[in-house]
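Peer 1: Structure below; questions to follow.
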Amino acid sequence: MQKTTLTGLAVATVTAIFLSSVPAAATVFHARSQMFEVAFPQAESVDAKDYFITKEQRAAIQQLAVSGLDSDLITVYTAKRGEEVLGHAILDTHVVRTLPETFLVVLDPDGNVAATHILAFHEPLEYMPSDRWLALLEDRSLTNDLRLGRDIAGITGSTLSSRAVLGGVRRALAIYEVLLSEKN
């Protein structure tokens with residue numbers, strides 16, 4: 001019993017030393033308190049509205065997005081200047097390869113992508129989508145061609161990252177379509 005405890009302690013010590021010597025790859029680019037200044041610099045107010053979606057809404061969002069949802073609680077942020085709606089924003093957090101990333105999808109009042117902002121990226125930075133690649137998503141709507149290899153080129157060496165962001169953008173567009181669009 002004593003040998004097992006010492007062996008376990010030795011393994012734990014070596015593991016702790018190794019992990020403390022590995023540099024952390026996590027990078028936070030914008031704090032949660034800054035995200036609306038980045039997304040809606042002209043907004044006078046940003047209101048959050050929580051939606052507890054039904055099974056039917058969940059199925060519709062997932063079908064449109066061709067991507068799964070992690071929760072039945074969705075928060076949509078709506079920015080206004082006076083009574084004018086400037087747009088909506090939806091946070092998306094998901095695992096890219098083995099670590100999470102969080103980004104904000106900003107939609108214009110008509111539900112098209114206005115911008116996509118990476119807020120935090122915990123994978124190595126060489127796998128992070130560039131601002132130039134994110135700009136390819138601007139002015140896009142939810143179409144069947146909004147996919148890698150169709151209208152959107154993949155990122156060489158960062159296929160998982162580009163798929164993850166594109167999936168999140170498609171989810172945001174589908175959420176708009178199902179929950180906010182005047183069609184519904």
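Derivation of every value follows stated rules applied to the coordinates shown; laboratory data play no part. If you're wondering where the values come from, they're calculated on a predicted model, not measured in any experiment. Note that each Cβ is placed from the backbone with ideal geometry, even for glycine, and that neighbours are counted across all protein chains shown.
Peer 1: Considering only L142, I90, A65, whose Cα is most displaced toward the positive end of the charge dipole of the range 25-180, charges sitting on Cβ of Lys, Arg (+1) and Asp, Glu (-1)?
Peer 2: Of the candidates, A65 comes out farthest on the positive side.
Peer 1: Among L119, L99, L64, L107, what is the fewest-to-most ranking by other Cβ atoms within 10 Å?
Peer 2: Least crowded to most crowded, the residues run L99, L64, L119, L107.
Peer 1: Let me ask something else about it. What is the dipole size for the range 61-146, taken about its Cα centre, with +1 at each Lys and Arg Cβ and -1 at each Asp and Glu Cβ, in debye to the nearest 20? Mind showing how you got there, number by number?
Peer 2: Working: 5 positive and 14 negative charges, 17 e Å.
Using Cβ point charges on Lys, Arg, Asp and Glu, the range 61-146 gives about 80 debye.
Peer 1: Quick one: dipole size for the range 25-180, taken about the Cα centre, charges +1 on Lys/Arg Cβ and -1 on Asp/Glu Cβ, in debye to the nearest 20.
Peer 2: Using only the charged Cβ atoms, the result is roughly 440 debye.
Peer 1: Under a plain spin-label model, where a point goes 7 Å from the Cα along Cα-to-Cβ, how far apart in nm are A31 and T75?
Peer 2: Each label point lies 7 Å from its Cα, and together they span 1.6 nm.
Peer 1: What ranking of L125, L104 emerges when the number of other C-beta atoms within 10 Å of each C-beta is taken as an exposure proxy, fewest first?
Peer 2: L125, L104
Peer 1: For the range 25-180, with the dipole built from +1 on Lys and Arg beta-carbon atoms and -1 on Asp and Glu ones, taken about the Cα centre, which of L179, V28, P129 lies farthest toward the positive end?
Peer 2: Comparing the listed Cα positions along the dipole, P129 ranks first.
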